[in-house]
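Below is one structure, written out as structure tokens; comments come after it.
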Amino acid sequence: MHNKHNSEQASTTGSVSRRTVLRAAGGLATALTTLDLIGAGVTVPMRSALAQDACGLPDIQFDIGNYIAPPQTEENNVVVRFGPVNTTFLTARLTRTPTKQDRSSLANALAALEASYPFSAGGIFTFIAYGIPYFAKLPGGLTGPLVSARMPRLAADHSRLVLEEAVVGPTDVSPQNPGITKRRFNVPVQVEQNDVLITIRGDDSSYVADVVRWFGGSNSLAGRAVASPVPRLLTFTSSRAMFQQMGLPRYVADRNQLPFAKFIHPHSPMWMGFGDQQVQGSGPAEITTCAGNSSARLTTAVAGDYFDSASVQHLSHLILDMEQFFDFDAAGNPGPDGVFTERVQYMFRSTPPPSLGNPDQYTDGGGPSFLETTFAGTGDAENSAKGIGTPENQHRIGHLSGLQRSSRAADGTPIHIRMDGPGFDNLDVPDGSIQPKLQFTVFVPSADFFATMRRNQASLDLAAANAVPEQDNGLERFITATRRQNFLAPPRRHRAFPLLELT
């Protein structure tokens, strides 16, 4: 492994391009700033070269398992797997309804991108997904024969499409939740209306930034002239950079003198100190698609359908209140609710807690970062809410146990792939300060599946029925979701403006 530092040439061209981007597409600036901010702390992995599949790249766009490092074993014999270090999400609106020529232009541009950077963690992965506003622009809209005849439907209710708009979460700040407030970041959530979501992933932040600028109109890739895709068709509304590497949150916290820096585990890949990359925590790519696999099929799609290997991609943007997470007092000292034994129960479960941590419950996280995401059954959250099997029979609910009320198939296989990680920017922060973020995206078979999983994660029904105190119910009070939207990630073969070729 080696430390990555951008070359003088890359820094110079990057600076010029960023000024251009700020004039032409200001929505890209946030991610470029974050990529610069954390770049010096990134260790670019020296990954082994991977042979390209003779059958071509995967039709499931996000199925990158054969193109990243294999699983590795960390503390407590927990098997984890890390994807690319850097991920940037670009959301955009269309300035007009695209044409068949636009579809061809986008397909050619994406092919040129993959010719410039290999489809690998050491190169660039790019996924494209489409929101309801895109499909509404097509002839007949969502209810017309073009879309409705090809969009899969819920197996349990054929009147509903797999792609529905995101809903306000049960603990989001919203007029729909008049009793919900957040201590420091009381920001109302917005359900966005973007046409397109572009996800760009790679180990090298300079490569990711180069591709971001290319989508923004730089007409340059990897130092060569390459026409940017469909100019003047996309208006970028936001950019969000995510970084995922062991020790990087602590590095960012130390570098920026954040008040809670010394309490973050020095090897954790996540702000809250607990690794989120356990192999057991995500399902195989096929189970998250509309066609599903032998463990779970939740839609009407079958192999050979237009959207068979499509998946619903939910994107949300969350501000983390790390000072509340460590129970800071007015003087900046952590309190009794910030000890490791409390935080581990907020994150995982209480039946029993997966670890009791170190004698010093605060410094360097106060305990291990990697703990197994054991599936304890769909009733685990209800048992802990009733105080069955918890320390001192306390009524509590852990984040993971709530999630597992509906996140797995009958055989225990997760029906989702989370692709979340830390961010650090000022997007949606009321006072404009840079704050720790959770950049969250997940691939699931349907929007309904995610809405149910998110509702169960909060478990407000169990909390109310069993008198669970707010301070003992998972992570909800520490997190403010400010943006949500659902997209459909089509199969690779239809990733460029799907269905247009049929008009």
Requested in this report: Evaluate E = 1/(1 + (r/R0)^6) for SER104 and ALA136, where r is the Cβ-Cβ distance and R0 equals 30 Å; express this FRET efficiency to the nearest 0.05.
Outcome: 0.85
Query raised in the report: Per 20 Å bin, what percent of the C-alpha pairs of the chain does each bin hold, from zero upward?
Result: 23, 59, 18, 0
Report task. Would you calculate the separation in nanometres between label points at ARG150 and ARG493, each defined as 7 Å from the Cα along the Cα-to-beta-carbon direction? Result -> 1.2
Report task. Among ALA303, SER228, ILE319, flag the residue with its Cα farthest along the positive direction of the charge dipole of the stretch 202-352, charges on Cβ as +1 for Lys/Arg and -1 for Asp/Glu. Result -> SER228
Query raised in the report: For the stretch 170-177, what does the Karplus curve 6.51 cos²θ - 1.76 cosθ + 1.60, with θ = phi - 60°, yield as ³J(HN,Hα) per residue in whole Hz, taken in order and with x for Gly and Pro?
Result: x, 10, 6, 6, 6, x, 6, 10
**Report entry** Residue-averaged [θ]222 nm for the chain, counting only DSSP H segments that reach four residues, each worth -39500 (n - 2.57)
**Finding:** -6500 deg cm²/dmol
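Indicate, rounded to the nearest 5 percent, the antiparallel portion of the DSSP beta bridges found entirely in the chain. All intermediate terms of the calculation are to be shown ahead of the outcome.
Details: 60 of 63 bridges.
If I count the DSSP bridges inside the chain, around 95 percent turn out antiparallel.
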Report task. Just rank GLU342, GLU382, GLU392, GLU372, fewest to most, by other beta-carbon atoms within 10 angstrom. Result -> GLU392, GLU372, GLU382, GLU342
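Expressed in nm to one decimal, what extension gain is obtained for the pair SER433 and SER294 from 0.36 nm per residue of sequence separation less their Cα-Cα distance?
Values: separation 139, 0.36 × 139 = 50.04 nm, distance 4.74 nm.
Net length gain for the segment: 45.3 nm.
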Query raised in the report: Roughly what angle does helix 447-458 make with the longest principal axis of the chain, taking Cα atoms, 0 to 90 degrees, to the nearest 10?
Result: 20
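Mind sorting THR73, THR87, THR299 by how few other Cβ atoms lie within 10 Å of their own Cβ, fewest first? The partial results should precede the final answer.
Working: THR73 11, THR87 25, THR299 28.
Taking fewest neighbouring Cβ atoms as first place, the list is THR73, THR87, THR299.
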Report summary line: Residue separation between ALA69 and MET46 times 0.36 nm, minus their alpha-carbon distance, gives in nm 7.3 nm
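What FRET efficiency comes out for the pair VAL302/ALA115, r = Cβ-Cβ distance, R0 = 45 Å, nearest 0.05? Intermediate values should be presented prior to the final figure.
Working: r = 33 Å, r/R0 = 0.74.
The computed FRET efficiency comes out at 0.85.
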Requested in this report: Rounded to whole Hz and in sequence order, give me ³J(HN,Hα) for the stretch 271-280 from the Karplus expression 6.51 cos²θ - 1.76 cosθ + 1.60, θ = phi - 60°, writing x for Gly and Pro.
Outcome: 4, 7, x, 10, x, 10, 10, 5, 4, 5
Report summary line: One finds the C-alpha centres of the stretch 405-475 and the stretch 198-245 to be spaced, in Å, by 28
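Counting only C-alpha contacts under 8 Å and six or more residues apart, can you give the relative contact order of the chain as a whole percent? Numbers along the way, then the final one.
Details: 1107 pairs, mean separation 111.9, N = 503.
The normalised contact order for the chain reaches 22 percent.
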Requested in this report: Starting from the amide H of SER268, placed 1.01 Å from N in the peptide plane, find each other amide H under 5 Å away whose residue is 5 or more places distant or on another chain.
Outcome: GLY247
Requested in this report: Using label points projected 7 Å from each Cα along Cα→Cβ, tell me how many nm separate ALA467 and THR95, to one decimal.
Outcome: 6.2
Query - Relative exposure of MET419, MET246, judged by other C-beta atoms within 10 Å (fewest first) - result: MET246, MET419
Report task. Can you tell me the 0 to 90 degree angle between the C-alpha axis of helix 29-39 and the longest principal axis of the chain, rounded to 10? Result -> 60
Query - Most positive-pole-ward Cα, THR237, HIS267, ALA331, against dipole of the chain from beta carbon charges - result: THR237
Query - Separation between Cα centres of the stretch 111-171 and the stretch 54-83, rounded to whole Å - result: 23
Query raised in the report: Between the helical axis of 100-116 and the dominant principal axis of the chain, each derived from Cα atoms, what acute angle in degrees is found, rounded to the nearest 10?
Result: 70
Query raised in the report: At what distance in nm do the modelled label points of VAL79 and ARG224 sit from each other, each positioned 7 Å from its Cα along Cα→Cβ?
Result: 4.0
Requested in this report: Could you calculate the FRET efficiency of ASP329 with GLU392 from 1/(1 + (r/R0)^6), where r is the beta carbon distance between them and R0 is 22 Å, rounded to 0.05?
Outcome: 0.35
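Taken together, the values in this text are just the output of simple stated rules run on the coordinates, not laboratory data. Just so you know, these numbers come straight off a predicted model, no measurement behind them. Backbone-built Cβ (ideal geometry, glycine too); neighbour counts: all protein chains shown.
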